[in-house]
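Novice: Below is a structure I'd like to ask you about.
The values are calculated or read from the model by the stated rules, or taken from the named source; none is laboratory data. The structure presented is a predicted model; accordingly, all values stated were derived computationally and were not measured. Here the Cβ positions follow ideal geometry from the backbone for every residue, glycine too, while neighbour counts run over all protein chains shown. Just so you know, the surface numbers come from the protein's heavy atoms only, side chains and all, with ligands and any DNA or RNA stripped out. Shrake-Rupley method; radii C 1.70, N 1.55, O 1.52, S 1.80 Å.
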Amino acid sequence: MIWGKLSLGSLEPQNLPPPMSLTIRTQYDKRGFAQAKLNQYWKSLKNPAQARRTDEERLAAIDARGREIAAMSDSKIRDTAQRMKESVSAGHHDADDLAEIGFAIVREATRRTHGLFHYPVQLLAGLRLIRGSIAEMATGEGKTLAVSLPAFIFALAGKGVHVATVNSYLAERDYEFSEPIFKFLGMTVGMLPEKNNTEGKRQAYRCDITYGTGYEFGFDYLRDQLVLMRQPHPGPRERLRQAILEREAAPAPAIVQRSLAFAIIDEVDSVLIDEAGSPLLISESAETDDRDLAALHLAKQLAESLEKGTHYRVEEDSKKLELTQAGFNTIHELPDIPWEGLRRPWQSYVLNSLKAGLFFDRDVHYVIDEEQKIVIVDEFTGRKHAERTWRDGLHQAIETKEGVPVRPENHDAASITRQRYFSRYGKICGLTGTAAESAGEMWHFFKLTVEPVPLNKPSRRSVLPERVFRDTNSLYDAVLVDVSQRHANRQPVLIGTRTIKVSEALSELLKAAGIPHKVLNAKEDKEENEIVASAGQPGNVLIATNMAGRGTHISLTPQSEAAGGLHVICVERNESARIDRQLIGRAARQGQPGSAQSFVCADDYIIDRYGPELASEIRKASADEWGEVSGDFSRRIDVLQQKVERTRYEQRLRIAERDKWMHQTRQSLA
């Protein structure tokens with residue numbers, strides 16, 4: 001066979017920059033991290049020959065094969081790719097054994113279709129992915145191009161490859177870029193439609209490679225399970241009996257997915273961690289009658305009269321809320337409770353109303369759209385999710401709080417956690433710029449190791465010391481001064497905020513100061529491309545809610561580079577250090593100049609909610625005339641952030657354990 005006759009050749013090992021550090025000190029799941037390291041060591045002992053063969057040697061082999069492939073015609077390359085697929089599908093070769101020739105073929109196909117050539121670091125990322133690892137690849141290093149390598153290798157098995165990312169914009173962008181490459185190689189590639197288009201979905205899943213969002217792959221799995229549950233597929237014995245009796249076989253269930261063989265997950269930490277706090281749910285609507293509406297309104301009025309400490313207790317870290325005995329007695333003393341119209345215990349209505357007022361804020365956790373609907377905003381990406389609703393009557397309590405029409409409550413028809421769904425694949429791997437802190441969790445749930453990928457060019461990013469302020473007004477004033485100076489010097493600035501409310505408050509300040517700027521938050525999703533495309537122009541100022549998962553490129557002009565490159569201002573810490581790193585990573589990509597700096601204050605959500613004592617100390621600390629205190633508080637904020645990360649992780653553990661228990665219970669009752 002052609003690819004078997006190509007010689008490896010020899011090249012000098014690549015001189016690559018050192019990878020980013022990955023240490024147990026940064027882990028919130030230290031046990032999982034240690035287990036991952038032990039597993040890597042054990043595998044190297046079991047297969048010493050493979051362990052001795054370094055990635056640099058494999059890069060040299062890819063280059064050597066690439067020189068021979070470059071001399072082939074288009075049809076010859078396509079024929080080689082198809083012969084590889086036939087061989088792997090027939091079991092004559094393992095796809096991983098053909099990685100070097102496969103990478104060389106994809107790189108040549110990319111050069112001929114796009115005029116692009118994979119950098120060595122992108123090939124390194126591909127090698128990590130085919131090992132079934134997470135490649136930690138910095139923002140701007142070309143993840144889309146890197147994904148094409150394992151996608152082709154996995155597709156050789158003919159079982160289907162799912163390339164999942166965090167939102168439909170990124171999925172469609174990556175599909176449109178990659179389609180010419182795979183078609184050149186004779187591979188079929190599809191884009192998964194998000195609407196419930198059964199035939200369109202089935203066609204997409206029949207392709208060798210299918211692009212889509214992580215949640216849509218999961219929802220399709222749930223829909224298929226509902227179909228199978230409601231239309232049981234006959235087993236081998238039943239099919240044999242029908243054949244003997246010459247009866248017409250029952251029609252096959254109208255499912256869309258094939259078996260779950262391979263998944264490549266872009267922004268893998270966002271898909272598997274940030275979104276794992278809520279399971280995938282398929283719901284069915286129930287009726288809402290006047291008695292239920294009356295209960296919701298009565299619960300809202302009652303909740304507004306209850307006092308913290310007297311009638312209810314709150315655990316700030318976990319958002320746990322419970323009534324005291326006095327509170328329980330008080331809410332049941334009302335004479336006009338509509339008992340016959342209640343869907344759940346009366347105290348649940350009151351607790352939901354309390355949660356709606358205490359824990360959920362407009363333009364932070366949700367927005368109200370033009371149709372007067374409550375639309376959930378993803379706290380990690382800043383994107384709206386019109387298809388999502390809160391469960392167990394909480395959504396209706398928030399609608400009642402805001403005075404918008406109360407829509408029917410949904411009941412769960414099927415659910416699965418992202419941990420359990422993606423664990424059903426035969427092999428998964430992923431990429432992200434920020435996985436180091438979560439290496440332990442990735443091993444615990446998915447048995448995925450995190451392998452850093454070195455930078456293509458040395459970083460020129462300058463991260464300035466964090467600035468700490470007594471209160472929000474002092475912080476805003478300092479941000480305004482900093483932006484004004486940089487705008488005057490024609491340096492482009494990106495201001496990253498945790499919430500829509502903060503982005504709009506800063507926008508008002510900039511307007512008052514006469515500084516032209518644009519705002520990118522959950523309310524302007526449709527304009528995102530145009531807004532981001534111009535963010536690197538000289539003197540441009542962009543305010544954006546969380547940039548995690550945006551995936552869009554900010555191009556710099558020569559004038560912008562001369563002014564210092566993109567400067568990123570992080571307004572307040574996020575609950576995860578990964579999200580902060582993602583925002584900082586927007587600056588100084590691919591060897592460009594750039595800088596970043598964080599601004600925090602005692603009023604910030606993470607400090608005020610999770611560290612009230614620390615917040616009090618910051619407010620009382622000696623400050624300069626601008627309200628700025630010592631930067632020594634930053635280390636204590638780091639510790640607080642790690643504590644919050646651990647709390648969030650424990651919540652995900654509880655969700656996964658509950659899902660596992662429910663699944664085992666269903667299996668035992670089936």
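Novice: Pick from segment 180-200 the residues that are open to solvent by less than 20 Å² (accessible area, probe 1.4 Å) and closer than 26 Å to Asp269 by Cα: which of them is nearest to the chain's Cα centre (by Cα)?
Specialist: Leu192
Novice: Of the conditions (1) loosely packed, with under 15 Cβ neighbours inside 10 Å; (2) under 16 Å from Asp392 (Cα atoms); (3) not basic (Lys, Arg), Asp336 satisfies every one except a single condition; which number is it?
Specialist: So the condition that Asp336 fails would be (2).
Novice: Could you list, in sequence order, the residues of segment 621-637 that are touching a residue at least 40 places away in the same chain (Cβ under 8 Å), open to solvent by 30 Å² or more (accessible area, probe 1.4 Å) and in a helix (DSSP H, G or I)?
Specialist: Within segment 621-637, none qualify.
Novice: Do we find that Lys511 is on the phi > 0 side of the Ramachandran plot and open to solvent by 30 Å² or more (accessible area, probe 1.4 Å) in this structure?
Specialist: No.
Novice: Which of the residues that make up segment 251-266 are open to solvent by 30 Å² or more (accessible area, probe 1.4 Å) and over 13 Å from Phe422 (Cα atoms)?
Specialist: Pro251, Ala252, Ala254, Ile255, Arg258
Novice: Follow-up. Report yes if some residue within segment 51-64 is at pLDDT below 70 and closer than 28 Å to Asn456 by Cβ; otherwise report no.
Specialist: yes
Novice: While we're on this one: Being among the small types (Gly, Ala, Ser), crowded, with 21+ Cβ neighbours inside 10 Å and in contact with a Ser or Thr (Cβ under 6 Å, 6 or more places away or on another chain) is the requirement here; does Ala397 meet it?
Specialist: It is true that Ala397 is among the small types (Gly, Ala, Ser), crowded, with 21+ Cβ neighbours inside 10 Å and in contact with a Ser or Thr (Cβ under 6 Å, 6 or more places away or on another chain).
Novice: Looking only at segment 80-135, which residues are open to solvent by 20 Å² or more (accessible area, probe 1.4 Å) and within 22 Å of Glu267 (Cα to Cα)?
Specialist: Answer for segment 80-135, where residues must be open to solvent by 20 Å² or more (accessible area, probe 1.4 Å) and within 22 Å of Glu267 (Cα to Cα): Tyr119, Pro120, Arg128, Arg131.
Novice: Next question, about the same structure. For Ala164, indicate whether it is of a type in the set (A, V, I, L, M), closer than 16 Å to Ser259 by Cα and crowded, with 22+ Cβ neighbours inside 10 Å.
Specialist: Yes; evaluated as a whole, the condition is true for this residue.
Novice: Which of the residues belonging to segment 363-375 are free of Cβ contacts under 8 Å to residues at least 60 places away in the same chain and open to solvent by 20 Å² or more (accessible area, probe 1.4 Å)?
Specialist: The answer is His365, Ile368, Asp369, Glu370, Glu371, Gln372, Lys373.
Novice: Suppose we filter segment 263-296 for residues that are more than 30 Å from Glu136 (Cα to Cα), at pLDDT 80 or above and not in a helix (DSSP H, G or I); how many remain?
Specialist: Selection size over segment 263-296: 1.
Novice: Now for a different question. Residues to consider are Pro538, Pro612, Pro558; find the one that is under 16 Å from Gln491 (Cβ atoms), more than 27 Å from the chain's Cα centre (by Cα), at pLDDT 90 or above and open to solvent by 30 Å² or more (accessible area, probe 1.4 Å).
Specialist: On inspection, the qualifying residue turns out to be Pro558.
Novice: Here is a further query. Does Tyr215 fit the bill of being open to solvent by 10 Å² or more (accessible area, probe 1.4 Å) and within 20 Å of Asp269 (Cβ to Cβ)?
Specialist: yes
Novice: Please specify each residue of segment 415-428 satisfying the condition of being in a loop (DSSP other than H, G, I, E, B) and open to solvent by 10 Å² or more (accessible area, probe 1.4 Å).
Specialist: Of everything in segment 415-428, those that are in a loop (DSSP other than H, G, I, E, B) and open to solvent by 10 Å² or more (accessible area, probe 1.4 Å) turn out to be Ser423, Arg424, Tyr425, Gly426.
Novice: How many residues are modelled with pLDDT under 95 and touching a Ser or Thr at 6+ places or on another chain (Cβ under 6 Å) when one looks only at segment 91-115?
Specialist: Number of matching residues: 1.
Novice: For Leu149, are the conditions met, namely being within 20 Å of the chain's Cα centre (by Cα) and crowded, with 23+ Cβ neighbours inside 10 Å?
Specialist: no
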